[in-house]
1. Would you please list the contacts, defined by Cβ atoms under 9 Å and residues six or more apart or on different chains, that run from a residue in the range 29-49 that is in contact (Cβ under 8 Å) with a residue 40 or more places away in the chain to a residue that is outside any helix (DSSP H, G or I) and of a type outside the set (S, T, Y)?
2. Could you say whether any residue in the range 42-51 is closer than 23 Å to I83 by Cα and in contact with a helix residue (DSSP H, G or I) (Cβ under 8 Å, 6 or more places away or on another chain)?
3. Restricting to the range 64-89, count the residues that are surrounded by fewer than 14 Cβ atoms within 10 Å (Cβ to Cβ), of a type in the set (A, V, I, L, M) and either modelled with pLDDT under 90 or over 30 Å from M10 (Cα atoms) (or both).
4. Would you pick out the residues in the range 61-103 that are in contact with a helix residue (DSSP H, G or I) (Cβ under 8 Å, 6 or more places away or on another chain), of a type in the set (S, T, N, Q) and within 23 Å of K29 (Cα to Cα)?
5. Kindly evaluate V45 against the criterion of being modelled with pLDDT of 80 or more, outside any helix (DSSP H, G or I) and either open to solvent by 100 Å² or more (accessible area, probe 1.4 Å) or not charged (D, E, K, R) (or both).
6. In the range 1-28, which residue that is under 20 Å from the mean Cα position of the chain (by Cα) and surrounded by 11 or more Cβ atoms within 10 Å (Cβ to Cβ) is farthest from A62 (Cα to Cα)?
7. Just one of (1) under 30 Å from I8 (Cβ atoms); (2) modelled with pLDDT of 85 or more; (3) open to solvent by less than 60 Å² (accessible area, probe 1.4 Å) trips up K95, so point out which.
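The values are calculated or read from the model by the stated rules, or taken from the named source; none is laboratory data. Remember, predicted model here, so these are calculated numbers, not experimental data. Using ideal geometry, Cβ is built from the backbone for each residue, glycine included, and neighbour counts are taken over all protein chains shown. For accessibility, only protein heavy atoms count, side chains too; no ligands or nucleic acids. Shrake-Rupley method; radii C 1.70, N 1.55, O 1.52, S 1.80 Å.
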Amino acid sequence: MNEENVKIMMTPNKQPIKQVSYQDMHAMKDTLEQLESWTDILMVVDKHFANRKLPLDKKKIARDYYSLSQIFGSFMDDFSTCIDQLETQLDKLMKKEKVKITQ
C-alpha cells in the first residue's frame with residue numbers, strides 16, 4: 001500500500017476514528033450486563049437500610065448483619081473484577097488502529 005494514497009478517517013472535530021470490532025463491543029456489553037445483574041439484590045439491601053424512621057431492632061440488625069455482609073462482599077469482589085475488565089477492554093480499544101481509507 002502506498003502511504004500517499006492512505007488517509008485516516010476523521011470525525012467532524014478532527015479526531016481519528018478507531019477500528020472497533022463487534023467482539024470488542026460484545027465483550028464490553030457482557031461486562032456491563034454482569035454489573036447490571038446486581039441491581040435486584042442491591043435494591044433489596046437498599047430497602048433493608050432505607051427505613052430509618054422505625055426504632056432500631058438490635059436483634060434484627062445482628063441477625064441480618066452476616067447475610068448482608070456476605071452479599072456486599074460478593075458484590076465488591078465482582079464489582080472490582082468487572083471494573084478491572086472494563087479498564088482492560090477500554091485500554092485495548094484505545095490502542096486500536098485508526099480507520100484508514102485508500103484512494
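1. none
2. Yes: the range 42-51 contains one or more residues that are closer than 23 Å to I83 by Cα and in contact with a helix residue (DSSP H, G or I) (Cβ under 8 Å, 6 or more places away or on another chain).
3. Residues meeting the conditions: 1.
4. Q85, Q89
5. no
6. V20
7. (3)
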